[in-house]
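Enquirer: Got a structure here, written out as structure tokens. Questions coming.
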Amino acid sequence: MAFHIPFNQRQSARHSRPIYIGFEAPLAPQAPRRKFNWWGFNGMWMSFASLLTAGFLSPIPLLVSLKGLRRPGKKMAAVGTLTSLAGMGLATAIVLGGIASHRHVEHERHAAHVNRTVKKHVAETKSLIAAATGEIAEYRDSNAGELPNDIDANMLVIKHVDPWGESLRFDAEIDHALVRSAGPDRTFDTSDDVIEKVDGKTERTSLLPVVKAE
């Protein structure tokens, strides 16, 4: 306890440090020492290291950094969290880009296969039409240039089935006829029809204008 100060010395003692007897003067209170945030530190350096793997290992430092955010000293943990999220975004972009590239390659491969198949079928159809027109030409040659009527001609060509499963069709015009395949779309009178012309007289030849000799 402090010793007794005489009355005449009390005024000057107010400006001096008190003297304690029997024990040392108490130390000034110190702020508690902040613990080092090892979770945040490890999450930060691991997040930077995960970028070397294109972000595919970023989920691991993200979990560590989130653990560090629950402890004092959150700056390193925040950096680790943001870096890990950026790494995960990079990895996601790489995966999505790879999927899109794979789909594009598969689409091109399928389109090339379809084109090869169509070309092969068109070649087969042309041979089929040539056989059908050959039969019609034989009829024409044995009938003074007359082609068979629509019903008879279609009976000749209908037995020929193209690679797409459709029968051929005979179309008589005024001075010739057409043997037609519906083509890949299986629809007649469209741009992909496979057609061959057969010269000869048809039922419509009589529709030609008569030119009188002068």
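The values are calculated or read from the model by the stated rules, or taken from the named source; none is laboratory data. The model shown is predicted, which means the values in this text are computed figures rather than measured ones. Here the Cβ is made from the backbone with ideal geometry for all residues, glycine too, and neighbour counts use every protein chain on show. In case anyone asks, the SASA skips ligands and DNA or RNA and just uses the protein heavy atoms, side chains included. Shrake-Rupley method; radii C 1.70, N 1.55, O 1.52, S 1.80 Å.
Enquirer: Does segment 162-169 contain at least one residue that is surrounded by 16 or more Cβ atoms within 10 Å (Cβ to Cβ), of a type outside the set (Asp, Glu), within 47 Å of the chain's Cα centre (by Cα) and part of a strand (DSSP E or B)?
Expert: Yes: segment 162-169 contains one or more residues that are surrounded by 16 or more Cβ atoms within 10 Å (Cβ to Cβ), of a type outside the set (Asp, Glu), within 47 Å of the chain's Cα centre (by Cα) and part of a strand (DSSP E or B).
Enquirer: Checking the conditions here, which among Ala153, Ala123, Ala132, Ala112 is part of a helix (DSSP H, G or I), touching a residue at least 40 places away in the same chain (Cβ under 8 Å) and not polar (S, T, N, Q)?
Expert: Ala132
Enquirer: Here's another thing I want to ask about it. Taking into account only those residues within segment 83-129 that are open to solvent by less than 50 Å² (accessible area, probe 1.4 Å) and among the aliphatic types (A, V, I, L, M), which is nearest to Ile195 (Cα to Cα)?
Expert: At the first step, the residues of segment 83-129 found to be open to solvent by less than 50 Å² (accessible area, probe 1.4 Å) are 83-84, 87, 89, 91, 97-98, 111-112, 117-118, 121-122, 125, 128-129.
Subsequent filtering for residues that are among the aliphatic types (A, V, I, L, M) retains 91, 111-112, 118, 122, 128-129.
Numbers: Ala91: 54, Ala111: 24, Ala112: 24, Val118: 15, Val122: 11, Leu128: 11, Ile129: 8 Å.
Filtering first and then ranking leaves Ile129.
Enquirer: Look through Lys67, Lys126 and report the one residue that is basic (Lys, Arg) and within 30 Å of Ser50 (Cα to Cα).
Expert: Values: Lys126 fails: within 30 Å of Ser50 (Cα to Cα).
Going through Lys67, Lys126 in turn, the sole match is Lys67.
Enquirer: Take the conditions within 20 Å of Asp193 (Cβ to Cβ) and touching a helix residue (DSSP H, G or I) at 6+ places or on another chain (Cβ under 6 Å) and apply them to Ala77. Does it pass? Quick ask: steps written out before the conclusion?
Expert: Details: within 20 Å of Asp193 (Cβ to Cβ): no; touching a helix residue (DSSP H, G or I) at 6+ places or on another chain (Cβ under 6 Å): yes.
So Ala77 does not fit the description; no.
Enquirer: Name the residue, out of His160, His176, that is within 14 Å of Thr125 (Cα to Cα) and either of a type outside the set (D, E, K, R) or out of contact with any Lys or Arg (no Cβ under 6 Å at 6 or more places or on another chain) (or both). Spell out how you get there, then give the answer.
Expert: Numbers: His176 fails: within 14 Å of Thr125 (Cα to Cα).
Answer to the check: His160.
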